[in-house]
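Each remark here refers to the structure printed beneath this line.
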Amino acid sequence: MRRIVLDTNCLLQSLPSKSPYHKIWTDVFCGKISLCVNTEILDEYEEILSQKINSEVAINVVEAIARLHTTIYQEIYVHFGLIQDDEDDNKFADCAIASGAEFIVTNDKHYNILKSTPWPNIKVMNIKEFIELL
């Protein structure tokens with residue numbers, strides 16, 4: 001089973017049933033992919049989904065993620081501060097490190113700094129690359 005941290009932009013792209021990336025959401029929902037999350041990430045998911053879709057869908061998605069037996073809830077005790085260009089993205093990087101996630105799936109270029117960071121080794125993949133991997 002893949003263990004990933006899914007950036008909010010990619011979660012948003014994976015939800016519509018007609019999206020070419022919908023397989024990510026169905027694999028999460030069916031237990032083939034474990035999402036690594038924490039309270040900060042779930043809060044961002046809900047905030048952005050409420051803005052982009054509506055609050056009812058946002059609450060349902062976040063509750064579904066929280067209830068899945070394959071979801072890995074990871075408290076963050078160490079903040080590495082690896083992403084300087086958008087420090088808010090560090091919650092995803094810190095979660096990936098702490099949970100031992102295989103990948104961060106994101107289309108956000110701020111994460112590219114992680115590709116050149118020797119330690120900790122965090123693999124970053126965009127949504128298209130990840131869907132091809134599946």
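Readers should treat all values here as calculations from the given coordinates under stated rules, not as data from a laboratory. All values derive from a computational prediction rather than experimental measurement. With ideal geometry, Cβ positions are generated from the backbone for all residues, glycine too; neighbour counts draw on all protein chains shown.
Can you confirm whether T106 is farther than 20 Å from Q13 by Cα and either without any contact (Cβ under 8 Å) to a residue 60 or more places away in the chain or not charged (D, E, K, R) (or both)? Spelling it out, it is not the case that T106 is farther than 20 Å from Q13 by Cα and either without any contact (Cβ under 8 Å) to a residue 60 or more places away in the chain or not charged (D, E, K, R) (or both).
Checking the condition closer than 29 Å to S17 by Cβ and surrounded by 13 or more Cβ atoms within 10 Å (Cβ to Cβ), which residue from K109, K52 passes?
Values: K109 fails: surrounded by 13 or more Cβ atoms within 10 Å (Cβ to Cβ).
Only one candidate qualifies: K52.
Of the residues making up the stretch 56-92, those that are within 15 Å of L11 (Cα to Cα) and among the small types (G, A, S) are A58, A64, A66.
Hey, any hits in the stretch 63-70 for a residue that's charged (D, E, K, R), surrounded by 14 or more Cβ atoms within 10 Å (Cβ to Cβ) and more than 12 Å from the chain's Cα centre (by Cα)?
Kept after step one, since they are charged (D, E, K, R), are these residues of the stretch 63-70: 63, 67.
Those still in the list that are surrounded by 14 or more Cβ atoms within 10 Å (Cβ to Cβ) too: none.
Scanning the stretch 63-70, I find no residue that is charged (D, E, K, R), surrounded by 14 or more Cβ atoms within 10 Å (Cβ to Cβ) and more than 12 Å from the chain's Cα centre (by Cα), so the answer is no.
Residues that are touching an Asp or Glu at 6+ places or on another chain (Cβ under 6 Å) and farther than 17 Å from E129 by Cβ within the stretch 1-34 comprise just one, T8.
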